[in-house]
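FYI, it's all coordinate maths here, none of it is from the lab. As the structure is a computational prediction, the values presented were derived from the model and not from experiment. Here the Cβ positions follow ideal geometry from the backbone for every residue, glycine too, while neighbour counts run over all protein chains shown.
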């Protein structure tokens, strides 16, 4: 079974709007990572948040982590058409990185 | 370009044939991972190496699959007697070992396998 589950499965927004994706996981973690994948390409690492951190920012990205609820969220502000991609959360409960099924984001120009 | 390369990028093969994929990681990375990804799903872990040692192998990996990293640098993934269900994107990633300050994985572009 997958360690992480993203929600929603698909999200469609207008350019300039904010996009929020959520991730829930099952076991305790040391850190949680978010990755982006453009269609037909490899994954690109976006941000890593450690278990003792509650919030982290990187450019237009904001990630939160709630270890009591075993959940994380990724917020993309002021979205652009180039943000259209699939977004995955990933955890490594035992050195083996486990990915969720992803959220497919479409940003409409 | 993340610095991880995979070859070939696309492979079409007939059922029953053997195929081999190659991954060249970032040179200073001692960990190398193989994943399989089907349409609409996240990458599924197959196996990983620390240097030349294969540390874990998923139950998804049948006896038809074998991976090597002979000198702790590049790695190969071989699939014997391919089946149509093997059609997928095969992704390779490299990273520094766990416990280092950053543990992010750098992914290659993938090899798309189509079994006809």
Checklist outcome for this item: Normalised per residue, the volume inside the convex hull of the alpha-carbon atoms of chain B in Å³ amounts to 101
Checklist entry - Which value in nm describes the separation of the simple spin-label points at residue A:68 and residue B:50, placed 7 Å from the Cα toward the beta carbon? => result 3.4
Checklist outcome for this item: FRET efficiency (residue B:63, residue B:22; Cβ distance; R0 25 Å; to 0.05) is 0.75
Checklist entry - Using the Cα gyration tensor of the protein assembly as shown, with a ≥ b ≥ c the square roots of its eigenvalues, what is the shape: rounded (a/c below 1.5), prolate (a/b larger than b/c) or oblate (neither)? => result prolate
Item to check | Largest to smallest principal axis extent of the C-alpha atoms in region A:1-68, angstrom | outcome: 34, 28, 21
Next on the checklist: Between region B:1-58 and region A:31-89, what is the separation of their alpha carbon centroids in Å?
Outcome noted: 23
Next on the checklist: Using 0.36 nm times the number of residues separating residue B:5 and residue B:97, minus their current alpha carbon distance, what extension gain do you get?
Outcome noted: 31.2 nm
Checklist entry - Hey, rough spin-label estimate for residue A:12 and residue B:83, points 7 angstrom out along Cα→Cβ, what's it come to in nanometres? => result 3.7
Next on the checklist: Give me the extension gain from residue B:76 to residue B:39: residue separation times 0.36 nm, minus the current Cα-Cα distance, reported in nm with one decimal.
Outcome noted: 11.0 nm
